[in-house]
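Taking it in order: structure first as structure tokens, then the write-up.
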Amino acid sequence: MYKFWTVDVIRFVTIFFTISVFISMFFYPGGNIHDPLQEGYSISHNFLSDLGGYKSHSGLPNLTSFLIFNFSMTLFILIGVSFLFIPKLFKDDILSLIISIIGSVFIFFGAFFFAGVGLTPYDLYLDEHIFFALNAFRLLVPGLVLYFFVLMRSNVSKKYSIMIFILLFFTLSYVVYQIVSDSPLTSIEQMVEQAIIQKIITFINIICMFFLSFAFSEKLKAIKLI
């Protein structure tokens, strides 16, 4: 059971989300917040949240992308649940156990907020959607800080500590960027900048989370829970 929650679920959700995004992009009818006449999906001119709209910015129905993308987002709650199981992997060190429990709580709520993005399409629940989207990454920051210390104290390969530090750096940088940047509605240039940065930070998170599952797998073997 521990391998399922601490390894398999994390890998499945991250892979499923990545595939879902590309499928949703293919079916997106078109349009962005500045140009409803744009054809199809643009990496540089559309946000990921555009995929989850009930209608596209062109005004056309977006049912296929709407269903696929939002379902993949709601699955992030499973990663949150996974992190509630992970502290037991560090039970051999009482301090690491305590730190990981606190870190898991933050990551659980961060994952819950990511799921909230999928449950509140921007064109149906704009205020709620923005609330979840802005705070999801912010909740990850303290969780990543705490897990960085946990991995540094553990006997797993230090490459995973480096990876989570990289993830923390980019996530924190993105949170700061969200605070200081202007609204994408102000100009096309601002929209393009934010759309590209959003995708970069999202897939850095996905890639790092996928590979962190190997750290948890290594720890499982060390304590013979696998």
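Every number here is computed from the coordinates shown, using simple stated rules; none is lab data. Quick caveat: nothing in here was measured; it's all calculated off a predicted structure. Neighbour counts run over all protein chains shown; Cβ positions are idealised from the backbone, glycine included.
Observations on the model:
- Inside region 118-162, residues that are without any contact (Cβ under 8 Å) to a residue 12 or more places away in the chain and among the acidic types (Asp, Glu) make up a count of 1.
- Filter result for PHE69 (crowded, with 21+ Cβ neighbours inside 10 Å and aromatic (Phe, Trp, Tyr)): yes
- Region 125-161, residues that are β-branched (Val, Ile, Thr) and farther than 18 Å from SER96 by Cβ: ILE130, VAL141
- Candidate set: region 113-131, residues that are surrounded by fewer than 20 Cβ atoms within 10 Å (Cβ to Cβ) and among the hydrophobic types (A, V, I, L, M, F, W, C); chosen: the one nearest to MET73 (Cα to Cα): LEU119
- The residue that is nearest to the chain's Cα centre (by Cα), among those in region 13-31 that are more than 13 Å from LEU67 (Cα to Cα) and in contact (Cβ under 8 Å) with a residue 60 or more places away in the chain, is THR14.
- Residue check, THR202 in contact (Cβ under 8 Å) with a residue 60 or more places away in the chain and within 16 Å of ALA133 (Cβ to Cβ): yes
- Scanning region 13-57 for residues that are touching a Pro at 6+ places or on another chain (Cβ under 9 Å) and of a type in the set (Gly, Ala, Ser) yields a total of 6.
- Some residue of region 57-80 being more than 28 Å from MET191 (Cα to Cα) and among the β-branched types (Val, Ile, Thr): yes
- Boolean, SER183 is small (Gly, Ala, Ser) and touching an Asp or Glu at 6+ places or on another chain (Cβ under 9 Å): no
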